[in-house]
Amino acid sequence: MDKESLAALMLYLQKGLSPADIAKLYQSMGSLDAVFSTNSDQWPEALSKKAKLSLKGLLREREALEAEAEATLRWCDANEVHCLSIVDPLFPPLLKEIATPPTVLFVRGDVGLLALPQVAIVGSRNATASGLNIASEFSRILASSGFVITSGMALGIDGAAHTGALKTGKTVAVLGTGLDVIYPRQHRELYQQIIDSSGVIVSEFLPGTPPLPANFPRRNRVISGLSLGTMVIEAALRSGSLITARYAMEQGREVFAVPGSIHNVLSKGGHSLLKQGATLVESAQDIVEQLGGMLAYVEMESSHQGAISDKNGLLLNAMGFDPVDIDTLVERTGLPIAALNRQLMLLELEGEIESSGGRYQRST
């Protein structure tokens with residue numbers, strides 16, 4: 001990890017500094033490593049007194065924080081986890097655009113998926129059978145259309161969305177815990193299925209972080225921040241799903257809602273969103289039509305880079321005959337992550353390659 005990324009992790013580890021504080025530092029100074037060689041006169045005026053006190057403490061405790069950051073990176077290396085800082089070129093570009101982006105993301109699986117067009121699907125943990133079927137079917141169709149399906153791996157709608165996506169494409173699960181804390185426990189098998197299918201598990205929380213209530217609103221802003229649009233299926237008026245939708249609105253992203261019976265309490269959240277201007281959807285095609293332009297853009301970019309069909313077998317030649325990870329393929333081909341992932345997905349759908357645990361191999 002370079003100096004800039006190490007500085008981001010050290011700032012993240014310092015108590016009293018929020019992601020918003022660190023974003024202000026980065027925007028003001030243009031560098032996070034520079035924070036360690038400046039004095040308080042050069043810090044942004046917008047920082048709170050609490051944040052400035054924390055920065056002074058950080059400068060005094062630099063060695064201890066650096067040791068803690070290096071220990072975290074060793075854990076990541078030992079557990080095949082990518083540690084992406086906000087200054088990392090692989091940090092998801094859409095997520096970087098939100099008002100308070102995470103300083104650090106811990107990622108298990110195919111990092112390149114985070115750069116592809118995503119649709120978030122969220123809803124009630126206590127969903128009806130109809131709601132679960134809608135979530136699964138919409139996810140299946142949207143994933144087959146080229147969208148990555150993003151959700152929070154909760155019970156109910158989230159779980160159905162991930163499961164539906166895995167039938168035809170890829171999915172991203174954003175946790176409100178550390179990557180090594182599977183919550184809820186009932187989704188231990190789903191967690192592994194996502195990894196085995198070259199999906200992604202992502203969290204902004206340190207390893208070992210338990211499922212604290214305050215973590216989940218933070219998780220929800222990441223779900224919406226990664227996505228072009230957020231779809232809500234069955235949600236009460238006071239629910240985490242509506243928090244995710246509100247974040248999406250604040251972030252300038254599309255919000256979709258499925259209407260339901262006026263007698264169902266789980267319809268009230270979606271109906272409230274519709275009154276606020278959310279798009280009513282009755283089929284997955286409604287979302288494809290509204291967001292499909294982004295898929296066309298990605299395909300055009302991939303084609304421009306000579307990466308959409310691999311007609312000459314360049315990627316297969318670069319892959320060789322042994323399992324290989326995405327970082328190695330980037331080095332061998334020189335292709336952008338988004339273009340490379342699109343091509344890998346096409347080759348996998350065509351049966352030319354197989355993926356497991358974030359590694360790719362020619363089909364036997």
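The values are calculated or read from the model by the stated rules, or taken from the named source; none is laboratory data. From a predicted model like this one, the values you see are computed outputs, not experimental measurements. Cβ: placed from backbone, ideal geometry, glycine included. Neighbour counts: every protein chain shown.
Numbers for the structure displayed
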quantity: Residues satisfying the stated conditions in segment 76-104, i.e. of a type in the set (A, V, I, L, M), within 13 Å of P207 (Cβ to Cβ) and assigned to a strand (DSSP E or B); calculated: V81, V104
quantity: Which numbered condition P217 fails, given (1) buried (at least 16 other Cβ atoms within 10 Å of the Cβ); (2) assigned to a helix (DSSP H, G or I); calculated: (1)
quantity: Filter result for P207 (outside the structural domain of A71 (by TED's automatic domain parsing), in contact with a Leu (Cβ under 8 Å, 6 or more places away or on another chain) and either among the polar types (S, T, N, Q) or surrounded by fewer than 19 Cβ atoms within 10 Å (Cβ to Cβ) (or both)); calculated: yes
quantity: Count of segment 108-132 residues which are surrounded by fewer than 24 Cβ atoms within 10 Å (Cβ to Cβ) and assigned to a strand (DSSP E or B); calculated: 0
quantity: Some residue of segment 83-93 being touching a residue at least 12 places away in the same chain (Cβ under 8 Å), crowded, with 22+ Cβ neighbours inside 10 Å and touching a Lys or Arg at 6+ places or on another chain (Cβ under 8 Å); calculated: yes
quantity: Number of the exception - A235 against (1) crowded, with 19+ Cβ neighbours inside 10 Å; (2) of a type outside the set (V, I, T); (3) within 30 Å of I326 (Cα to Cα); calculated: (3)
quantity: E250 vs. criteria more than 18 Å from A127 (Cα to Cα), surrounded by 19 or more Cβ atoms within 10 Å (Cβ to Cβ) and of a type in the set (D, E); calculated: no
